[in-house]
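Coordinate-derived values only; no laboratory data. The model shown is predicted, which means the values in this text are computed figures rather than measured ones. Cβ placement follows ideal geometry from the backbone for every residue including glycine, while neighbour counts extend to all protein chains displayed.
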Amino acid sequence: MQSNLFIENIKLVLNNIRLVPLSYEHEQGLAEAVKDGELWNLRITSTPHFSEVRNYIEIALIQKENGSRYPFAVLEENTGKILGTTSYHDILENVKRYEIGYTWYAKSAQRTHVNTTCKLLLLEYAFEQLDVNTVGLRTDQFNFKSQRAIERLGAKKDGVIRGDTMRKDATIRDTIMYSIVKGEWGNVKEHLHSLLALR
């Protein structure tokens, strides 16, 4: 059951980045974003081919309907350009644990403030509005770039799930798990603001 705090008109805004609920109206913009860097060639991410973006959105919205995921489009606020997408997922309301993932950005938005800004917005909403206890993040064992980015946020490594899921190329991956718990949020929040101040 989807939390009633996930209101349909939720808009999270900071540093010229806006997160809005994902919908089919974002299809063309996401297709253009995925072409920027030909992101579908990355075997260690969930990024779809540009011809499969509509199906990607459809699956995300089905998962949203059943309460296991809440997907967002990531926009540049002043232009409306779509930079990518991210989600809350694996939502466990009984223990108040959410994960942040299904995250990808156009190549031109990578190695900028975009990911740090998005994570700050999502973590802040999770801990301060949804009152979660734990926010998890996960990545492929070979996605070293993602591991560095997650560790840079201040998340702690929980461990490795062996043989966890199938990649796009049908190989089986091990998954690296990270988390931030409620008691750590104050320090992590200050850390993220400090990172953004240095940009």
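For the residue pair ILE10 and ARG167, what label-to-label distance in nm results when each label sits 7 Å from Cα along the Cα-to-beta-carbon direction?
3.2
So for the range 17-56, what are the equivalent ellipsoid semi-axes in whole Å, largest first, each being the square root of 5 times an eigenvalue of the Cα gyration tensor?
After diagonalising the Cα gyration tensor, the semi-axes are 18, 11, 10 Å.
Taking only the alpha-carbon positions of the range 12-197 and ignoring solvent, what does the Debye formula give for the base-10 log of I(q)/I(0) at q = 0.08, 0.11, 0.18 Å⁻¹?
-0.23, -0.45, -1.36
Sticking with the crude label model, points 7 Å out along Cα→Cβ, report the distance from PHE142 to ASN41 in nm, one decimal please.
If labels sit at PHE142 and ASN41, their model points lie 1.5 nm apart.
Given R₀ = 45 Å, FRET efficiency for ASN55-GLU151 by Cβ-Cβ distance, to 0.05?
0.90
Per DSSP H run of n ≥ 4, the term is -39500 (n - 2.57); total these for the chain, divide by its residue number, and report the mean residue ellipticity at 222 nm rounded to 500 deg cm²/dmol.
-9500 deg cm²/dmol
Within the set LYS81/LYS156; LYS107/LYS145; LYS11/LYS96; LYS96/LYS168; LYS35/LYS157; LYS157/LYS189, which residue pairs have Cα atoms separated by over 25 Å?
Where the Cα-Cα span goes over 25 Å, the pairs concerned are LYS81/LYS156; LYS96/LYS168; LYS35/LYS157.
How are the C-alpha pair distances of the range 1-101 spread across 5 Å bins, as whole percents from the shortest bin up?
Per 5 Å bin, starting at 0, the Cα pair percentages come out as 2, 13, 22, 24, 20, 13, 5, 1.
Could you tell me which helices of the chain pass both thresholds, a Cα extent of 30 Å or more along their own axis and a mean Kyte-Doolittle hydropathy of at least 0.5, with helices taken as whole DSSP H runs?
For the chain, where a helix must reach 30 Å along its axis and average at least 0.5, there are no hits.
When the distances between all Cα atoms of the range 51-98 are binned every 5 Å from zero, what whole-number percent does each bin get?
Pair shares across the bins are 5, 19, 23, 20, 16, 10, 5, 1.
Round to the nearest 0.05 the FRET efficiency obtained for ASP131 and ASP174 when R0 = 41 Å and r is the Cβ-Cβ distance.
That gives a FRET efficiency of 0.80.
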